[in-house]
Every structure is written in structure tokens, then in C-alpha cells.
2 protein chains.
Amino acid sequence: MHRTNTCGELNLNDLGKEVILAGWVQKSRDLGGMTFIDVRDRYGITQLVFNMDEDKDLCAQAREISREYVIKVTGKVVERSNKNPKIPTGEIELKVSALEVLNAAKLPPFLIEDETDGGDDLRMKYRYLDLRRAPLRNNMILRHKMAQEIRKYLDNQNFLEVETPVLIKSTPEGARDFVVPSRMNPGEFYALPQSPQTFKQLLMVSGFDRYFQIVKCFRDEDLRADRQPEFTQIDCEMAFIEQEDILNLFEGLTTHLFKNVKGIEIGDFPRMSYADAMRLYGSDKPDTRFGMQFVELNELAKGKGFPVFDGAELVVGINAKGCAHYTRKQLDELTDFIKRPQVGATGMVYCRFNADGTLKSSVDKFYNEEDLKAWSAAFNGEPGDLFLILSGNADKVRKQLNELRLEMGNRLGLRDKNKFAPLWVIDFPLLEWDEESGRYHAMHHPFTSPKPEDISLLDTNPGEVRANAYDLVINGTEIGGGSIRIHDRTLQSLMFKHLGFSKDEAQKQFGFLLDAFEYGAPPHGGIAFGFDRLVSIFSGLDSIRDVIAFPKNNSGRDVMIDSPSTIADNQMKELHIKTTV
Amino acid sequence: MHRTNTCGELNLNDLGKEVILAGWVQKSRDLGGMTFIDVRDRYGITQLVFNMDEDKDLCAQAREISREYVIKVTGKVVERSNKNPKIPTGEIELKVSALEVLNAAKLPPFLIEDETDGGDDLRMKYRYLDLRRAPLRNNMILRHKMAQEIRKYLDNQNFLEVETPVLIKSTPEGARDFVVPSRMNPGEFYALPQSPQTFKQLLMVSGFDRYFQIVKCFRDEDLRADRQPEFTQIDCEMAFIEQEDILNLFEGLTTHLFKNVKGIEIGDFPRMSYADAMRLYGSDKPDTRFGMQFVELNELAKGKGFPVFDGAELVVGINAKGCAHYTRKQLDELTDFIKRPQVGATGMVYCRFNADGTLKSSVDKFYNEEDLKAWSAAFNGEPGDLFLILSGNADKVRKQLNELRLEMGNRLGLRDKNKFAPLWVIDFPLLEWDEESGRYHAMHHPFTSPKPEDISLLDTNPGEVRANAYDLVINGTEIGGGSIRIHDRTLQSLMFKHLGFSKDEAQKQFGFLLDAFEYGAPPHGGIAFGFDRLVSIFSGLDSIRDVIAFPKNNSGRDVMIDSPSTIADNQMKELHIKTTV
């Protein structure tokens, strides 16, 4: 038998028991004639004790073993003199009578401790060692718990988990598809799903009523720090429902997770239209852990002779509460920040509401005290506040001010990782203009239904058509989104037409769905949550990489297994392909 | 609101309630001035009633709608005069006051009923309609329940579900890998996993202790009726355990599923060595719902001048209880059966134990009554029995007799789908000889550990080395298998050598695992169950196809979405590949 107990469970109740433990050597130290070894497994750490006086050979053997050795020990549970209240086993230790090395270990390339000295690359290469560290292990345990709770909740709500295929068909947005050559069907390819969208809609047509799946999806796009080529989605679809039902149910799911996994009562989820989110935060995923909403100043700031504002489509600012004391240097830093290419503003106007009640701006030449007082009133200003104002093209300046707002949130410590602010953003536009292709694209996807009252705008003013689409945002991160779908062949065909599909293309790509809509498709809608993202929010991490057991790097490589890699010529021959490099 | 209730929940307790239902028209019939419509959803069927005398327009409207229309009705729950005790809603009906067609339906290409008139091809093309039929829907519900119960059980046993990557590395057995060209790494490919084997072992090296995953795996092989290119595995791995622990734990899981999903107490799982299974059943996955074990007759049947037996390596038979009355025609059918190319025997000897106590064989020329009595004793024969005997090369004749035994089991109705006979087959050979490549292959996989006492045979008699490997068999179907793994670099390298890997190849392909074994790998082992297969056993189906929502056909095609398909030239260009067809 390898063990009678784990390394996390023995305590004073077990005094005198003869037990067997197995695990990894966390550390060892010799103190006079004694040797102490901390042995670790997933469940905890137990202190082993060896005594030179009592058993010289055994103690000498213990002194031979190093960190990360896998050992098995037999011994008796005894009370510890020097108790450690921080760990559950801290009141006992094991007086070892037999020690067996199950496997020796070379010196690890980095410290297996909460704070490690390993760089990213080394930790990725030896991911199996990095995963031994408690923070990573805890992320995986958290992920497991969340998945279990999600399934429990959805099962209770009558959802059925149905597995949809991984080998599917490439779509017109195929540039982002991973494809798989078919050996049995020469010259043809499967594609890996970017989402199970059409399959879950077909399940609604089949009458499954409530579907979910925690499922891998794939997207071959250039990877930013926080994207992975394969990612996991909590994918859901419901029939005979309206937007309100979906928002309530997934608000319920999220609330359940916060409560049961983190012990947090998160309260109601506010709702905000896309238009308001853009107007008040310059973002469709505002971080509402803090206020600092945008204040538009066109009325108050234009027409006073300041050419920058006069020529701008929009003058808009934020009130950085209590920042009137900012030094020239600090203000210059902010100006540098907004001028970074990623933000792209050309300049910033500021106005201090000094503690003494006076107002002082960087554009005093153009605005008198009355003007500034009016600004201040618009900002709900108080002594000590600092107003930061940008101007320019409305869409662009909102995005720039969003960056500045988030930066100020960081500087003021308003983005607390232990605080959670959920928000439903609703009424998204159906279409968005794509400069590159010179046509409209679906903002969510081609299956999203337009609001009935806006359908008439499709021909005249497509950009104004609102969709029955919604996103869940937590702390400025998009957790998921969904929509009420089209369930009618005529409307779906109209959508394809507006998205630039010819009738033939639409039939070739999505004929099965259009056909399905003719055999009795129920009204339906759904939502998908990014599971990696949700776990990272719960674990207080900025990146999803450390909530994934074996992630890929920014070049899409798994450096541990050295993948992707070349394959044999005869393998390619069997698959009817050649490489062109 | 689309509905207040589902179509499966209303009963006499709801009399008088005003409700809204939505669903599909299962059927409708007009009886005099009345029209009855059965409306269906996932949860059940409710009868709607319309009365020409009371509301002519509404009843006329009801008469316009056809099967599979999606409708929404408002009405009052009333008691039914003509009750249907077979369904939960059979005592009530809904007296409809308003009817709305949510979506019309064309006539489906086949009947949406338990027994359909649709052929396989048509049902695959319109899978979303086939899935409306109760038998398929129930399979999916069963699958969901089983997955939920599996997770619950394993979670209770401290297993963590950890997701392993889908985009991994092609292996030397790569001919069966699906590959994915990498856009970002020109000329290189990912492979889809045939199993998460190495990752789950790395998780043990990481100290995860108990891992599981219900996970899609992929194998590109020519598809028999009962294989799918993508299939689902219940994949598990444990550290610090021995074979006995794994068998007990997964016996527990299987027992839990039978009990909680099917309400069956399945009892203890017998164990049988691979050698015994081959000797007694000619198969490593014997159907033990019935006996009819093999009886070897070399001692009794050879040396009596019958050249066929005398020249055979093995003479072996079965006792078909109570079949002495078989006619010449029935015996000829059996002879034809064993001569089919799939079975490949050349002839069969039979011996009747007649009701009158006499013995009569097809080889009376060579064997006298004493001889036949000795045979009968070996078969534990009783009056009325029929002995069927094959002979030839031992391996081949066992396989042939296995087929004959199963055929007799079918003919005698001994393979009852409602009876479940589990069996652990243990002590598998480590290696098996592959004629084609002229070398030994791993019978399970290269990571399986040999029995310590057999390691010395590796050089002298590799075929005799037994592995710490085991399969779970239910009703003659392999449900899963696993092994205690190698956790030592030296032994793993030795195995690779015996499997024909050069040192360089082994390092290139599995260097990460060999390296990992040097940093403190615990003893570990695991198992994987075929989930599709397990569900099909539970649902009493011969094929896995109908427990998969969207399966592929025997050419690996999804005929519903028409995949695989060609992709655009510029897409191939981006992926640095060309087709060669």
C-alpha cells in the first residue's frame, strides 16, 4: 500500500496512529541531531521528523534526500512542540520509522514555491513542475469546482449537456478556422469549431429545449497576451424564451458561482444599453467597479475660440476625484499615456478644482472662471477634483477617454480584484461597418435577430438597427454574450443578403440551417460564457494562461511538448496535402 | 411569454388553470365537431381540444395546422373523458382559447415517431428531425444523466477534472492522427489527441493525484460500423495507487451508474486473466452473460486416426445446451456461419447427446461410444446437448470458436440486452507481435508497465511478458481499459527500445515525458472508458451512432452539414499547404 492518509489530513485526533504517507519533499532541514522534512501532496504538507540519536541509519538516509524526491514514509503521529497554526496539520508531526524513496529528483530548474524564480519561458517548458506550485494548483482546483457548480446549476434548471462535433465545416469567416485534412475524402477538410453555434440552434429545432455544454472552441488568430488558440466556452441555448429569461437565468448562474465558489453575495446585475455604455464609458465593456462616467462638454466648451475644441466632433471628460494636487510631472505622464500609439490621442486638457475653491485649467486663455464653473458643475466637481478632457472624432475620443479612465482607475486603486461589478450590456447594434472590406459585418454573428421594430431600417440605415443581443461584463471584462436568434428562413436569408452572401453561398454554407428552419423551428436564443476568462476573474488573475493546465505561448506553440512540429512525408501523402514552405 | 408550463407536467391537480403551452404538433384528428391536437415538447405531450360549436373560427384555424408546426396555445385545463393512463398528462386536456402558429413546418421527410419510416441516409441528412424522435432524445437524456453522475461520483472521490489540450503533437503512430496545419508556424502541424495519455501522466508528475476528464478523442482510421472519427472518453489517472485500487474504484463508478441511472444492482465484478479469457472464450472480451465455456479436447480427440484433429494444434469445442434436436439444416447453417470469411473456419464436428442417452457424432467413423462418452464428460454433457467442435491453429481456432459461441448465444437468446455481465480481464500481455512490421507493438500503449517479475523476459521472450494492464468488459464489449504506468526514465527508455524506437526518436517524440520522470514522478496508473460505448450498453443499442447527437457516417462524413468540404485557395495559402488531388 502506498499510503494510508494524505499529507493534508492528520491532526491531533490522530495522535499515536501508525500511518503511511507518500509525496514530494518540499524542504528539509537539519537541526542538531534532528532532521525535519516537509512532505507535500495535493492535499497539504506534513512534517516528518527523524532523530539521529534514536535511529542513526534512518536519519542519515533522510539527510540524503533532496527537494522534490518522491518518498513513502511509515511512522507514528506525534504532537509537535513547535506548532504551526497556519496549516491544518501544523499541530502534529510524523515520527518516521521507515523511509522509501519512490523516485529521486534532479534539482528543478526553478523553485517549486508560491513565489518562484522561474521566468515565463522556463515555466512553460517545465509546465509539469510549474503546476506543482500552490497558486497554479489552486487555479486548477478552482476551475474544477466552477465547472462542477455550473453543471449542477444548469442540470437543476433542466439543461441537457449535449456534445457537438469537433470536426465540422469551414465557414466563410474561414480565415480564422483551424482545418483538418481528410484522409478518406481527398482534397477536403474539416474545420474545428469557433463555437457550436449552428449545432446548438439545430438542437433547439430538434426540441431539446435547454442545451448546454462546457466545450473547447478554436480560433486561429494572432494571439494577444490574453488569447489562446483553443479556449473553453460555457455554451447554452434555450427555446421558447425571451431575452429577459436568458438574462435572469445566467445572472442566476453567475450569482450561484460567486456564492458557492467564492462565498460572495454579488447582488443584482445592472443593465445598460450599448449606446449608454459607449456614451458614459466609451466602451461596450465598462469597468463599473468605479464611477468616473464621461461628461460631454460640447455645449459648454465649444464656441469660445479654442480651435481644438471648436473643430472637434466631441469634447468629453472625466472627473478624477481628489486629483487636483497632481504635479506637472504626473499630468505629463497622463499626457504621455494618452499619446501612446495604443491610445492615440493628440493632447489633453485639464482643469483643477483647487482646495481653495479656485478653478485652474490648461486652457485659461480661452475660458473664464464662469466657463470653468459651468464645466465643474457638469462634472459634479468638488474642491480637490481634477477634470481631464479630450476632444476629437466622437468614436475615437470615447475610446481614448476609456483608456484614460481605466488608467486613472488603476492609479487611484479603484480596480480592486476582490470587488466584483457585473453589468449586462444590451441592445447592441446588429451590424458594424468594416472599413477593410467596405461592407457591414454581423457584430455578434449572422444568426442574431434584429429588434422587430428596427427591421425596417435594414435597407435604409443598417448601422442603426439594434439586435436582441447582450453581453455580460464583469470588472470591464467581457465574460460572455449572446442573442435571441433568427428562427425564420426568410429573415435569416435577408440577413445573409445584407452580410454580402449571394443566395448560392448562403445555401452552400448554411443550407442545413435554412432548411431546418422550414421544419418547425421554435423561437430560441442563447449565450456563451468564456470559461477561461470567468475562472481568471474568480482567481484574480489578469491572464487566462494560468487557469489553463497546458497553455500555448504567443506563437501558438506548446514549448513543453514542442508542438506544432513537422510530420512525415508519407503522412502528408496519405492526407493528400503538401506543404508549400 | 411563450409558455407557463411544459407539455409534460399538467395533470388533475391543475384543473381549471389558465395556462400557455408551446411545442410541436405531434398529430391532430377531427372527430365530428371536435378537433384534437397532441402538442409535444421534450417533457411530454398534452392533448389540446377545439370545438367547432363553441368557437368555429378557432377550430377552423386548428384544422389548418399540420404535423411539426410550432404552436403556442392558451387554454384551460379540463378533465378528459377518454383518459390515457400511459402518459402523465393523460387525465387532462387543454380547452384552447387562443392559438398562435410560431412557425409553420413542411411535411417532414420521414415520420417523427418512435418507429420511423426513414432510412439511415435520410435520417442522417435530417438529423435535427431524427433527434425529435423519443428514442434518440431519450438516448441523449441518458447520456447527459450518465455524464452528470460520473462527474458527481469522481468529484466525491477527490478527482479533479482538468482539461488537456486538443491541439497537440503528432506521434510515431501518426498514421492515425488527424493533423492541423499551423498558420503561425509554417510547414508545421498540430495533431488531435487519440487520448490525453501523456498529459494525464504529466498531471500525476505535477502532483494532481487524481485526474479525470470526459473528453473528445480522435482517431483517423477506416470506420467500421461502430467507430467514429471523434469519440468521447472518460479518462482517469491516479497517483500512489496499485492496480487493485483502480479496479475497485472503477467498479464502484460502474456500479454507481447502474444503480443511479438504471436502478440495477449489478453485484461484484469477476476477474479473469487474459490467458484464461482466451482459453475459455477465445476472446479478450468474453460475453459472460452466458457460460458455454470452451472445452479443450486434445487429449481425448487426437491419436484416434481422424486426420483433421490429429494434424491440429488445438481441438476445442462448446456445449450448446439442449440443441441435440438441431436439424441437418440448422447444423448446415452453423457450418456456413463458421465458413464465412469473417470467421474463416474450414469445418465443424458435432456430437449429439440424444434424449435417449445415445451419442452420435459427425465423425463416428473415428470415435467409438467410449470416446464420445469421454468427450461428453469433458463437456459436462446431459441428454439433449449438442457439442460443436473446431480444430486448427490454436490462436485461430479460438477466435473462430468465439464467433460460433456468440452465434449460439444469439440463437439461444442468451444475450439479453437487459442483463449485464461485467468482467475485469487482467494480466494482458505487454507486447504483441505485428506481422506486417515484423516487430513487437505495445498491446495497450508504450507507457504500460510490465509486471516486475516478468521484466527479465523482455530480452528472451518478449511475447510472454505480462503487463499491469486491465480491461473492463460488459456483455462482450470492451468498455475501457488501463494500466499501471511506467514512472521511471530507465524502464521507459528500455520499453521504447523494445518497441523499435532509436534513442533519438524516443527523445524527440517523448523527451518531455522522459525528462519529467527525472523530476520526481510518483507511481501512477489509470483507465479510460469509452463513453459512447458505455451509453450504448446502457441504452441497449448495438451501435454507438445513436448515442451521439451528430455522428459521422462510414466515410467520416457529416452529411447534414456536408463536411468535410473543400476550402478556398487563399485559405490554404495562409496555412502553407496545397492539396495533391
Matching residues in region A:146-160 (within 9 Å of chain B (Cβ to nearest Cβ) and surrounded by fewer than 22 Cβ atoms within 10 Å (Cβ to Cβ)) number 5
Across (1) surrounded by fewer than 15 Cβ atoms within 10 Å (Cβ to Cβ); (2) more than 7 Å from chain A (Cβ to nearest Cβ); (3) in a loop (DSSP other than H, G, I, E, B), residue B:570 clears everything bar (3)
Across region A:54-75, the tally of residues that are closer than 20 Å to residue A:40 by Cβ, more than 14 Å from every other protein chain (Cβ to nearest Cβ) and basic (Lys, Arg) stands at 1
Only unsatisfied item for residue B:30, checking (1) free of Cβ contacts under 8 Å to residues at least 40 places away in the same chain; (2) closer than 11 Å to residue B:92 by Cβ, is (2)
Subset of region B:538-556, residues at the interface with chain A (Cβ under 7 Å from one of its Cβ atoms) and at pLDDT below 95, comes to B:555, B:556
Only unsatisfied item for residue A:245, checking (1) among the acidic types (Asp, Glu); (2) in a helix (DSSP H, G or I); (3) more than 9 Å from chain B (Cβ to nearest Cβ), is (3)
From the option list B:143, B:137, single residue qualifying as under 29 Å from residue B:264 (Cβ atoms), out of contact with any helix residue (DSSP H, G or I) (no Cβ under 8 Å at 6 or more places or on another chain) and outside any loop (DSSP other than H, G, I, E, B) is B:137
Self-check item: Residue check for residue A:344: of a type outside the set (D, E, K, R), in contact with a Phe, Trp or Tyr (Cβ under 8 Å, 6 or more places away or on another chain) and farther than 23 Å from residue A:272 by Cβ
Solution: no
Only unsatisfied item for residue A:575, checking (1) closer than 30 Å to residue B:125 by Cβ; (2) within 14 Å of chain B (Cβ to nearest Cβ); (3) in contact with a Phe, Trp or Tyr (Cβ under 8 Å, 6 or more places away or on another chain), is (3)
Residue B:202 fails exactly one of (1) of a type outside the set (Phe, Trp, Tyr); (2) more than 9 Å from every other protein chain (Cβ to nearest Cβ); (3) within 25 Å of residue B:515 (Cα to Cα), namely (2)
Picking from B:457, B:423, the residue that is hydrophobic (A, V, I, L, M, F, W, C), under 19 Å from residue B:275 (Cα atoms) and touching a helix residue (DSSP H, G or I) at 6+ places or on another chain (Cβ under 6 Å) would be B:457
Conditions (1) in a helix (DSSP H, G or I); (2) in the same structural domain as residue B:214 (by TED's automatic domain parsing) -> residue B:528 fails only (1)
Does residue A:387 meet the test of being at negative phi and part of a helix (DSSP H, G or I)?
no
Filtering region A:52-98 down to residues that are farther than 30 Å from residue A:109 by Cα and among the basic types (Lys, Arg) yields A:56, A:76, A:80, A:83, A:95
Screening A:164, A:171 for residues that are more than 9 Å from chain B (Cβ to nearest Cβ) and surrounded by 18 or more Cβ atoms within 10 Å (Cβ to Cβ) leaves only A:171
Note on region B:216-240: residues surrounded by fewer than 23 Cβ atoms within 10 Å (Cβ to Cβ), over 15 Å from the mean Cα position of the chain (by Cα) and at the interface with another protein chain (Cβ under 10 Å from one of its Cβ atoms) are B:218, B:221, B:222
Worksheet item: Is region B:513-526 home to any residue that is in contact with a strand residue (DSSP E or B) (Cβ under 6 Å, 6 or more places away or on another chain), away from chain A (no Cβ under 12 Å), farther than 24 Å from residue B:457 by Cβ and modelled with pLDDT of 95 or more?
Response: yes
Checklist entry - Looking at region B:553-567, is at least one residue more than 24 Å from residue B:171 (Cα to Cα) and in the same structural domain as residue B:194 (by TED's automatic domain parsing)? => result no
In region B:224-259, anything of a type in the set (Val, Ile, Thr) and touching a residue at least 24 places away in the same chain (Cβ under 8 Å) is listed as B:232, B:234, B:241, B:246, B:254
Yes/no for residue A:143 being touching a residue at least 60 places away in the same chain (Cβ under 8 Å) and at the interface with chain B (Cβ under 7 Å from one of its Cβ atoms): no
Conditions (1) within 7 Å of chain A (Cβ to nearest Cβ); (2) surrounded by 18 or more Cβ atoms within 10 Å (Cβ to Cβ); (3) under 21 Å from residue B:575 (Cα atoms); (4) small (Gly, Ala, Ser) -> residue B:191 fails only (1)
Somewhere in region B:88-98, is a residue over 24 Å from residue A:239 (Cα atoms) and within 38 Å of the chain's Cα centre (by Cα)? yes
Picked from region B:118-134 (must be free of Cβ contacts under 8 Å to residues at least 60 places away in the same chain and either at positive phi or assigned to a loop (DSSP other than H, G, I, E, B) (or both)), the residue farthest from the other protein chains (Cβ to nearest Cβ) is B:119
- Check region A:530-537 and report whether any residue there is in contact with a helix residue (DSSP H, G or I) (Cβ under 9 Å, 6 or more places away or on another chain), within 14 Å of another protein chain (Cβ to nearest Cβ), surrounded by 20 or more Cβ atoms within 10 Å (Cβ to Cβ) and closer than 27 Å to residue B:510 by Cβ. no
For region A:93-107, pairs from a residue that is more than 14 Å from every other protein chain (Cβ to nearest Cβ) to a residue that is in a loop (DSSP other than H, G, I, E, B), with Cβ under 7 Å and 6 or more apart or across chains, are A:93/A:80
**Asked** Is it true that residue B:178 is at the interface with another protein chain (Cβ under 7 Å from one of its Cβ atoms) and crowded, with 24+ Cβ neighbours inside 10 Å?
**Response** yes
*With respect to residue B:376, determine if the residue is without any contact (Cβ under 8 Å) to a residue 40 or more places away in the chain, hydroxyl-bearing (Ser, Thr, Tyr), assigned by TED's automatic domain parsing to the domain that holds residue B:356 and out of contact with any Ser or Thr (no Cβ under 9 Å at 6 or more places or on another chain).*
yes
With the first residue restricted to region B:409-429 and required to be assigned by TED's automatic domain parsing to the domain that holds residue B:322 and without any contact (Cβ under 8 Å) to a residue 60 or more places away in the chain, and the second required to be buried (at least 19 other Cβ atoms within 10 Å of the Cβ) and part of a loop (DSSP other than H, G, I, E, B), Cβ contacts under 9 Å at 6 or more apart or on different chains are B:411/B:323
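The values are calculated or read from the model by the stated rules, or taken from the named source; none is laboratory data. Bear in mind that the values here come from a model prediction, so they are computed numbers and not experimental data. Don't worry about glycine lacking a Cβ; one is built from the backbone with ideal geometry, like all the others, and counts go over all protein chains shown.
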